[in-house]
Amino acid sequence: MLVGDKEFASARVLLIITAMKVTQVALCPSEASTKAGRPALTPELLAASGARYSRNNEGLEAILSKIDPTNLEKSVDAIFRMVDYGHQSIADMVPVAMFVDGISIWLAYYIWTLCPTAGGQESSTRYIKIAVDGLMAPEVLGIAAEELPEWRELMQKCFSAYQSSLSLWEELARTKPALMGIPRSLIEDPAEASQKKVARMRRNYALDRARYFLPVSAATNMMLIMSARGWVNLCQFLLSHALPEPRKVGELIQAELALSAPRMVKYARRTELNERSTADEFQRLAGLAQTGAPFEEEIPMNGAGSAKPILSVTMPEGLSAEDVVQGLVHHANRYAPMGSSLQRTAVRFGWSALGFAEIRDLNRHRTGTKYCPLVPKGFYFALDQVPAEAEGQKANLLKQAEVGRVASGKALTHLRAAKPSYIYWSLLGTEYPFEHLTTADKFIYEAELRTGLGAHFRYAKHLRDVLALWYEKFPGSRGAVLEGSGEPE
């Protein structure tokens, strides 16, 4: 028994109101904490109480006794007068959570690059169908007036290609269910729970492969929780940016930060150094675009020749390959410990060109440093996922892909002209170089996670390709590294 069309029709559609909104959400004590009589402090009171530990050893009860419950703000200075002094370690003790609605997919990515250790989530293109209603307003993005008609028409075509691609993959999922890797026993199980699971897996199969036509100018939502120090750093970069969208979000965050960390707001401002740094990085990108080969000549738009893996490993003096392998002896699952030999070994890995869709996911890993010069190198659209015998679907997908090539090419053209808004012409399938510098234990964790249960087919392949290079250097680690098969979840 196969699931019918109705399940696909019921896929949740994300109709985002593109007006930006940032909402600071305060924490309150749990019922159990209140019943147990545990103290509840404002974010800055918490930081002041923690900071006082650096000046004396009187203990928490003595510190809390200085709090005037009728004037909590004054109590902050009574406990520790240097909360607003600019000490980064103190700002680290001020927890702040914010929900950011109605920003572009690109800006969400950019924010994560600035806040790699923040906790949070973003609306996923893997599980949510996005409608053209979710396209950001061009005036928010800074699209030039003379470019508006062309940009609007191209974005409409990209959304149309997304819808057509989604229908194509849904059809393949119905007619060739084996492609999805779902156990036949589950497909044939008439139980309602089983059929709902199959419907979800089929829907995700299609969304995973159609998302490459989505513009990065489509709207998304995200939530972050981090210290006031993190929010201040984020505001400084956003408010110093050349594009209006990040500046506007920076202003909204700045206003919300004042609600929970008023002493920190004076640092959350545009700075000349941040502005110069951001401008220099953009000019470097434009220079790379101007000196590179033409888009059409560099990488074919079907992705052939892209995503070539790279891996370099630097071991400390006196450490052997056998020592590195021995560091996995207690590694029974991806959360299990790894030895100091892996923790001390530096790893630089990456790919010649990845789709922005996968870059967004790989960028979320907290450790190390990621480098991704956003100079378009190609356009990926999952052509390799179409079975050889499905000639009609392959021809249709190739026809749709032309709009992706055009959009990615337009982005490159605008970058060569040094227009910061170039990024809003690109798609999730637009490819860029990507590298990650970290330690071996963190690399192995990422490889295990990104090839495991429920992993996206594309980044699972990317990590398997890099693991193949790892095994060449450390053949004894094969089997000890818990490489997954990316089975559907």
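Going through (1) surrounded by 19 or more Cβ atoms within 10 Å (Cβ to Cβ); (2) touching a Pro at 6+ places or on another chain (Cβ under 6 Å) one by one, Asp465 falls short only on (1). Test Leu238 against the stated conditions and say whether it is surrounded by 21 or more Cβ atoms within 10 Å (Cβ to Cβ) and among the aliphatic types (A, V, I, L, M). So Leu238 passes the test.
Only a single item in (1) buried (at least 21 other Cβ atoms within 10 Å of the Cβ); (2) under 28 Å from Glu322 (Cα atoms); (3) not β-branched (Val, Ile, Thr) is not met by Arg478, and it is number (1).
Identify, please: which residue in region 249-267 is modelled with pLDDT of 95 or more and touching a helix residue (DSSP H, G or I) at 6+ places or on another chain (Cβ under 8 Å) and is, among those, surrounded by the most Cβ atoms within 10 Å (Cβ to Cβ)?
Val249
May I ask you to list pairs of residues, at least six apart or on different chains, whose Cβ atoms are under 7 Å apart, with the first in region 247-274 being more than 10 Å from Val232 (Cβ to Cβ) and the second being loosely packed, with under 15 Cβ neighbours inside 10 Å? Close Cβ pairs (under 7 Å, with a partner that is loosely packed, with under 15 Cβ neighbours inside 10 Å) amount to Glu256/Thr23; Ser260/Ala26.
Among the residues of region 185-223, count how many are outside any helix (DSSP H, G or I) and of a type outside the set (Asp, Glu). Going through region 185-223 one residue at a time, the tally reaches 12.
Checked against (1) more than 21 Å from the chain's Cα centre (by Cα); (2) in a strand (DSSP E or B), Ala353 passes all but condition (1). Evaluate the following for Ile182: is it part of a loop (DSSP other than H, G, I, E, B), surrounded by fewer than 23 Cβ atoms within 10 Å (Cβ to Cβ) and at pLDDT below 95? Answer is yes for this residue.
Screening the candidates Leu437, Leu469 for the property of being farther than 30 Å from Trp151 by Cα, in contact with a strand residue (DSSP E or B) (Cβ under 6 Å, 6 or more places away or on another chain) and not in a helix (DSSP H, G or I) yields one hit, Leu437. Determine the pairs where a residue that is touching a residue at least 12 places away in the same chain (Cβ under 8 Å) and more than 10 Å from Ala218 (Cβ to Cβ), located within region 121-143, has a partner that is assigned to a helix (DSSP H, G or I) and acidic (Asp, Glu) with Cβ atoms under 7 Å apart, the partner being 6 or more residues away or on another chain. Between residues of region 121-143 that are touching a residue at least 12 places away in the same chain (Cβ under 8 Å) and more than 10 Å from Ala218 (Cβ to Cβ) and residues that are assigned to a helix (DSSP H, G or I) and acidic (Asp, Glu), the close pairs are Arg126/Asp208; Val140/Glu245; Leu141/Glu245; Gly142/Glu245. Here Gly454 passes the criteria (1) surrounded by fewer than 22 Cβ atoms within 10 Å (Cβ to Cβ); (2) out of contact with any Pro (no Cβ under 9 Å at 6 or more places or on another chain); (3) not polar (S, T, N, Q) except the one numbered (2). The single residue among Leu288, Leu319, Leu273 that is under 20 Å from Gly476 (Cα atoms) and at pLDDT 95 or above turns out to be Leu319. Within region 459-484, the set of residues being within 17 Å of His331 (Cα to Cα) and of a type in the set (Asp, Glu) comprises just one member, Glu483. Candidates Ala447, Ala460: the one that is farther than 30 Å from Gln195 by Cβ and within 20 Å of the chain's Cα centre (by Cα) is Ala447.
The values are calculated or read from the model by the stated rules, or taken from the named source; none is laboratory data. Being a predicted model, the structure only gives us computed values, none of them experimental. Every residue, glycine as well, gets a Cβ built from its backbone with ideal geometry; the counts of neighbours run over all protein chains shown.
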